[in-house]
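Some notes on the structure that comes next.
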Amino acid sequence: MERFRDIARENASRFAHFAPEENENENEMENDDSSSSEEEHEIEDWPGPFSTAMKIIKDREMKSVQTGCVSSQTSLAASIKWVPNTEPGHVGVRFSVPSLQELCLEILVKNVDAVVSLDSVPDALRHRLSQLLCDSRKINNHFFELLVGGSPTEIRLRDCSWLTEEQFTKSFQMCDTSNLVVLQLDQCGRCLPDYVIVATLAQSPRQLPRLTSLSLSGACRLSDGGLRAIVSSAPALRSINLSLCSLLTSASLYILAESLRSLLKELYLDNCQAIDAALIVPALRELEHLEVLSVAGIQTVCDEFVKDYIIACGHNLKELVLKDCINLTDASIKVIAEHCPGLCVLDLMNLCKLTDLSIGYLTNGCRTLHTLKLCRNPLSDEAIAAFVETTGESLKELSLNNIKKVGYHTTLSLASHAKKLHSLDLSWCRNLTDNALGLIVDSCMSLRLLKLFGCTQVTDVFLKGHSNLQIQIIGLKMSPVLQHVKVPNPLQGALNYSSVYGDLV
């Protein structure tokens, strides 16, 4: 490229006419390029953990080149040393054997119409049975009546799309809600318009006196008025999921702030496109103890929103989801790193404007982070590796889905510094060879879940040669997909970061 530029400069005088403005524009463009380049390299000169890790990585690569071990990035990947287990009888692929409980639940799913009562059945088994019925599309009104009958403490249904208004109203009239702590009615747009809510869930101001966690994801007929009725009936509400509630406006946040100012700890607003992020900042600030905030997919979320909210309230946050907020830049990540000292979970998936600067900010600022989710971010192998070098000892879950440059450096960092990693997503990271994956899996013996969707380069050399027999590998060719869709843990309490019953006491 430099040679072609020299040729162009030599020939330019024969074809171009001098124009002062053009020279000025060229100078401005060169200045912009140089400033951008300086900003990208600035992170390597910061005094802090990230700078130290970057120097270690560069020194390691330089040493390999100087000793003649490698001469290019391709040979760097080829230099990874891993010896597959070839002992007779060794099979790296995990074969799961269903437990007696799982076999019994399958029988109940097939014969759900013969079940006459769920009395004395623990909540965890109720949740599991409900989940299996939803997955198999065999859930019906008979099971729903059993689920809501009596005086339950938890009702969880992650698919209510089959339920009609009449069925819901009739069945819920049999429910004693005085002891209800968790209520999940996701995909309830068909059965739960405002007038049904008023006739069932919100007949009186304190009809749900102990309700702590409420999920109405996909309630596309729920308006601000309906939300006000629910909130007035649930004075102890700590967690609320309003994802995909397309009728809710910015006024809904002020309803929550008015009634749950000192109580609400978890708020999910994913893809509520009628909510203007700039208008809800004052309301969010009034939620004094908010620990979890998810605004995934809201297109009005921008750097200014993040700055205004995080500077005021970031010290309380433990989990922040910014997935698909495509207008965010490195400036937002810098604010998060500086003002969220207790942040544990951060979701930055599909933020295409982020650069290595963001990884530098997180490495130096967010020292309590144990879950980081990235996807399609244009980040370098070296920056990811530096992050893992510094924070790997505390990492439990890491997603590098479709981070195309992930390769040699990240492999070595994961193998050396991610000993407590439990879940790893390397889908579409096609620079990773069998040797790289084998080294990661055999070095991270705490790893229990590895996602490899789109990794067509993986062969039996890795699959049958690794020694971590506890790991579950999903996403490979011809493997089932639906059973791996992430669903709430049936043993998970109503809140992610605190004890509900302790709060109620």
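For the reader, a short list of remarks on this structure follows.
- Test: residue in the stretch 226-245 that is open to solvent by 10 Å² or more (accessible area, probe 1.4 Å), within 21 Å of the chain's Cα centre (by Cα) and farther than 21 Å from E154 by Cβ: yes
- Taken over the stretch 294-320, residues that are aliphatic (A, V, I, L, M), under 16 Å from A337 (Cα atoms) and open to solvent by less than 10 Å² (accessible area, probe 1.4 Å) amount to 4.
- Among the residues making up the stretch 334-373, those that are touching a residue at least 40 places away in the same chain (Cβ under 8 Å), over 21 Å from I298 (Cβ atoms) and of a type in the set (A, V, I, L, M) are L357, I359.
- Among residues of the stretch 397-450, those that are closer than 20 Å to V83 by Cβ, touching a His at 6+ places or on another chain (Cβ under 8 Å) and either part of a helix (DSSP H, G or I) or open to solvent by 10 Å² or more (accessible area, probe 1.4 Å) (or both), counted: 4
- Odd one out for Q173 among (1) touching a residue at least 60 places away in the same chain (Cβ under 8 Å); (2) open to solvent by 50 Å² or more (accessible area, probe 1.4 Å): (1)
- So E393, is it open to solvent by 20 Å² or more (accessible area, probe 1.4 Å), under 28 Å from P341 (Cβ atoms) and at pLDDT 95 or above: no
- Flag for T411 being under 21 Å from F453 (Cα atoms) and free of Cβ contacts under 8 Å to residues at least 60 places away in the same chain: no
- Residue count, the stretch 190-208 (criterion: of a type outside the set (V, I, T) and either closer than 17 Å to S130 by Cβ or open to solvent by less than 10 Å² (accessible area, probe 1.4 Å) (or both)): 5
- Each residue in the stretch 76-132 was checked for being surrounded by 12 or more Cβ atoms within 10 Å (Cβ to Cβ), at pLDDT 90 or above and either closer than 19 Å to D442 by Cβ or among the small types (G, A, S) (or both), and 3 pass.
- Only one of the listed residues (L248, L279) is outside any helix (DSSP H, G or I) and at pLDDT 95 or above. That residue is L248.
- Residue that is surrounded by the fewest Cβ atoms within 10 Å (Cβ to Cβ), among those in the stretch 212-225 that are closer than 15 Å to L267 by Cα and not small (G, A, S): L214
- Subset tally (residues that are crowded, with 16+ Cβ neighbours inside 10 Å and under 28 Å from the mean Cα position of the chain (by Cα)) for the stretch 144-161: 7
- Filter result for the condition that a residue is acidic (D, E) and more than 14 Å from C220 (Cα to Cα), over D194, D186, D176: D176
The values are calculated or read from the model by the stated rules, or taken from the named source; none is laboratory data. Please read these numbers as outputs of a predicted model, since none were measured by experiment. All Cβ positions, even for glycine, are placed from backbone atoms using ideal geometry, and neighbour counts span all protein chains on display. Each accessible area value is taken on the protein alone, full model and side chains, heavy atoms only, with ligands, DNA and RNA left out. Shrake-Rupley method; radii C 1.70, N 1.55, O 1.52, S 1.80 Å.
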